[in-house]
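These notes are about the structure you will find just below.
The values are calculated or read from the model by the stated rules, or taken from the named source; none is laboratory data. Only a predicted model underlies this, so the values are computations on that prediction, with no experimental measurement involved. Counting neighbours? That spans all protein chains shown, and the Cβs are built from the backbone with ideal geometry, glycine included.
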Amino acid sequence: MSYIPAFMRRRAKNYLLRTLPEYGYELVSVRDRNPWLVGNQQKDDLIICNFCGTIFRRSGNDHPEGLNCIHCDTIARERVAFQCILDEVGKRTGTNSLFFRRAAQLKPFTMLECSPRHNQNRREIYEETLGKYYASDFDMMAHMADIKLDLTSDEDVQPFMQAFDIILCAHVLEHIPDYRKALINLRTMLSPDGFLVLQVPLLENAYVPVTWDEFHQDNTRVFHRFGFDLINDLKQIFNQVTPVVGLLDFHITSPEIKPEKYLALQHMREQVVVFGESKLRCNGFGNPDLCDAFIAYK
Ligand SMILES: [Zn+2]
């Protein structure tokens with residue numbers, strides 16, 4: 001952490017007092033890099049966006065598709081994925097950042113994001129923070145992307161062999177009929193030390209093939225409903241797989257989620273990364289019953 005002169009601490013404190021009176025104001029750093037300006041969370045209604053660093057008021061319900069950041073529009077489940085990236089890079093570099101924007105340790109990395117929700121502010125942050133950032137999409141229709149990439153097409157994947165240090169693939173796999181093939185190709189595109197952050201809606205106790213008509217908002221068909229047993233597929237393809245959850249021991253309240261979905265993790269509890277209550281609240285990760293991800297190393 002860099003040193004902050006007293007007058008700057010005072011100035012920032014006064015500014016925060018004026019703009020966010022209920023906010024605790026412990027200033028950590030104001031250098032032109034991450035972290036800039038950080039406070040202690042005192043009340044539950046403020047969220048620190050772990051992508052852009054903006055502090056905003058909690059509004060709406062705790063749905064994983066909600067709690068949108070007022071600057072970069074990240075939603076709760078996206079911040080879960082960003083936290084996975086920050087924690088993983090933190091472990092490797094020994095430098096932890098509170099948010100993604102201008103985190104110096106991210107500069108050497110090339111990142112691929114599959115079918116992201118586009119936001120201009122977010123795009124700019126990716127570009128100023130990472131060495132290189134690519135957004136891909138299956139057909140370039142529903143998402144703004146740099147490269148067309150069908151994850152099951154060897155031809156599409158071939159030019160990107162070992163090209164990416166970080167791949168973020170969120171809410172894509174459930175739309176791909178041959179999802180195992182997609183996982184193999186994701187591994188192929190990882191650099192030797194690269195890692196994948198994978199998110200799928202984990203609704204079930206165990207895998208259920210979708211044989212009925214099910215579509216998500218962007219009109220893409222859903223072929224699979226996953227449970228944590230997806231880890232068995234992942235472990236066949238990747239060397240090291242870590243499940244990440246918001247909480248492990250709690251009562252699931254969402255009606256669309258099977259109440260026993262975390263049972264599949266009971267026998268591997270010590271391998272599971274748990275964010276915990278305070279991180280869930282401070283970073284606005286949403287309701288813990290869908291606050292999940294997998295981190296996989298080649
Ligand atoms: Zn943000």
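When residues in segment 52-95 are screened for being of a type in the set (D, E), more than 20 Å from C169 (Cα to Cα) and within 15 Å of the ligand (Cβ to nearest atom), 0 of them pass. From the list P243, P255, P201, which residue is within 28 Å of C49 (Cα to Cα) and modelled with pLDDT under 90? Sole residue among the options that is within 28 Å of C49 (Cα to Cα) and modelled with pLDDT under 90: P255.
Which residues, taken from segment 122-141, are of a type outside the set (F, W, Y), within 13 Å of the ligand (Cβ to nearest atom) and within 17 Å of the chain's Cα centre (by Cα)? Matches in segment 122-141: R122, R123, I125, T129. Among the residues examined, L98 does not qualify as over 18 Å from the mean Cα position of the chain (by Cα), assigned to a loop (DSSP other than H, G, I, E, B) and buried (at least 16 other Cβ atoms within 10 Å of the Cβ).
Listed by first and then second residue, the pairs with beta-carbon distance under 6 Å, at least 6 apart or on different chains, first residue in segment 198-226 and free of Cβ contacts under 8 Å to residues at least 24 places away in the same chain, second exposed (fewer than 12 other Cβ atoms within 10 Å of the Cβ) and among the aromatic types (F, W, Y), form an empty list.
The numbered conditions (1) in contact with a helix residue (DSSP H, G or I) (Cβ under 9 Å, 6 or more places away or on another chain); (2) over 27 Å from V208 (Cβ atoms); (3) assigned to a helix (DSSP H, G or I); (4) touching a residue at least 40 places away in the same chain (Cβ under 8 Å) are all true for R180 except (2).
The rows are residues; the columns are (1) in contact with a helix residue (DSSP H, G or I) (Cβ under 7 Å, 6 or more places away or on another chain); (2) assigned by TED's automatic domain parsing to the domain that holds H143; (3) outside any helix (DSSP H, G or I).
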| position | (1), (2), (3) |
| --- | --- |
| I167 | yes, yes, yes |
| E174 | no, yes, no |
| N219 | no, yes, yes |
| T242 | yes, yes, yes |
| K258 | no, yes, yes |
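Condition test on Q120, is it modelled with pLDDT of 85 or more, in the same structural domain as I147 (by TED's automatic domain parsing) and more than 18 Å from A293 (Cβ to Cβ)? It is true that Q120 is modelled with pLDDT of 85 or more, in the same structural domain as I147 (by TED's automatic domain parsing) and more than 18 Å from A293 (Cβ to Cβ).
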